[in-house]
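Everything on this sheet refers to the single structure shown next.
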Amino acid sequence: MEYKFETKTIHAGVEPDPSTGAIMTPIFQTSTYVQDGPGGHKGYEYSRTHNPTRAALEKSLAFLENGKYGLCFGSGMAAIDTLMKVLKPGDEVVSVNDLYGGTYRLFTKVYENYGIKFHFVNVSDLAELRGAVNNRTKLIWVETPTNPLLKITDIKSVVSIAKERGILVAVDNTFATPYNQTPLDLGADIVMHSMTKYICGHSDVVMGCLVVKDDALAEQLYFLQNSAGAVPGPQDCFLALRGIKTLHLRMQRHNENGKAMAQFLKSHPTVGDVYWPGFEDHEGHEVASSQMRGFGGMISFNLRSGKHEDAVRILKNTHLFACAESLGGVESLIGHPASMTHASIPKEEREKNGITDTLIRLSVGVEHIDDLINDLANAMN
Ligand SMILES: *Cc1c(COP(=O)(O)O)cnc(C)c1O
């Protein structure tokens with residue numbers, strides 16, 4: 001029986017505890033498991049390898065992404081790091097050029113040292129993607145929508161180019177969540193999440209995951225997960241399981257509030273460009289409409305004045321929107337990419353990529369939309 005998403009968030013992967021009937025998966029705060037005799041264990045030997053709280057969470061994530069296997073890690077970066085270990089020196093990776101800064105750093109500052117070559121291209125331009133792929137390419141890395149400009153990549157088209165050449169396609173689905181987008185259904189091989197953001201949703205856990213369908217790939221990743229050992233603890237897994245139970249409710253509200261906020265910004269006289277994939281004039285709107293079920297609560301916008309200090313003044317004067325890095329929690333956040341998340345990129349390079357000094361990024365939370373709009377309106381006046 002295939003349940004709807006809303007039902008899966010409540011039930012998938014979670015069974016009452018067989019020893020007590022506890023409806024919530026207990027926090028199995030244990031490192032080891034007693035065996036009847038050598039080798040006489042009940043499926044659990046050591047908690048780096050398996051832990052029942054983590055196992056319930058991994059199963060739940062596999063269901064939500066319409067995959068077969070889920071693997072959790074101590075952070076989103078640890079999830080990506082583990083996936084990269086599938087590669088060998090001489091292998092090449094083609095990646096979107098507009099990607100999460102931490103991922104870019106891991107690729108260029110860590111894995112380039114191990115003889116892996118990266119090509120950063122505008123993946124929405126399929127000719128450019130084809131040009132970057134060769135017989136050493138083993139992986140295409142996609143992030144859609146991207147941070148902070150909400151650019152959209154057509155997952156199906158990327159998959160069609162990769163499949164004819166036996167290249168793996170991985171999608172960072174952090175911004176969309178499986179409520180809005182399920183890349184495995186579009187042919188991708190691997191879905192990655194920073195669960196720190198929408199999946200956990202309460203700004204209280206750092207965690208990551210990979211979800212796959214293929215048996216052999218899953219076996220290889222489980223081997224690496226156990227060998228490298230970047231696994232999350234059972235307490236955090238419990239919090240993630242708890243967060244998932246309201247993922248559909250939160251995302252529904254994030255989508256609604258995101259839309260209302262984007263419309264408010266677009267009509268505001270001091271606001272220039274507004275980046276939100278739900279707008280018909282957003283360059284990725286058509287693709288977004290075909291592969292996403294909602295457009296989310298992430299929005300970026302520029303100020304018409306072009307003055308850095310105007311952006312700073314807005315960030316200092318909101319009360320509900322907290323000035324902080326990260327995103328995807330129930331509370332609204334406001335950020336200034338040029339001086340926060342993207343400060344390490346030289347100004348010229350930044351501006352070339354559309355990250356101007358007045359670009360402001362919002363993670364619209366699940367508060368009442370009137371209060372959120374008033375908060376921003378007051379800060380802008
Ligand atoms: C935060 C984030 C990451 C990194 O995840 P951590 O949990 O912080 O390690 C990767 N990709 C995207 C899109 C993110 O927003």
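The table that follows gives values for the structure above.
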item	result
Estimated distance in nm for a label pair at residue 3 and residue 32, the labels positioned 7 Å out from Cα along Cα-to-Cβ	3.7 nm
Candidate aspartates and glutamates - alpha carbon under 14 Å from residue 316, same-chain residues fewer than 8 apart omitted	375
Anchor residue 109: aspartates and glutamates whose Cα lies under 13 Å away (excluding residues fewer than 8 positions away in-chain)	81
Leading residue at positive end of dipole, the chain (Cβ point charges), from 317, 333, 29	29
Estimated D of the chain in µm² per second, where Rh is the Kirkwood radius over Cα pairs and Stokes-Einstein applies at 4 °C, 1.567 mPa s	60 µm²/s
Leading residue at positive end of dipole, segment 179-286 (Cβ point charges), from 227, 263, 282	263
Size of charge dipole - the chain - debye, nearest 20, with Cβ of Lys, Arg +1 and Asp, Glu -1, no other charges	380 debye
Excluding exposed DSSP-loop trypsin sites (Lys or Arg not before Pro) (at most 13 other C-beta within 10 Å), longest clean stretch of the chain	166-303
Antiparallel content of DSSP bridges confined to the chain, in %, to 5	50 percent
Given charges at Cβ of Lys, Arg, Asp, Glu: the chain dipole, positive-most of 240, 82, 366	82
Proximal lysine pairs, segment 194-313, alpha carbons under 30 Å, eight or more residues apart or interchain	8
Partners for residue 88 among aspartates and glutamates (Cα-Cα distance below 19 Å; same-chain residues under 8 apart left out)	112, 189, 219
FRET efficiency, 1/(1 + (r/R0)^6) with R0 56 Å, evaluated for residue 267 and residue 41 via beta carbons	0.35
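Values in this text are rule-based calculations from the coordinates and carry no lab data. Predicted model, so just to flag it, every value in this text is computed and none were measured. Every residue, glycine among them, receives a Cβ derived from its backbone with ideal geometry; neighbour counts consider all protein chains shown.
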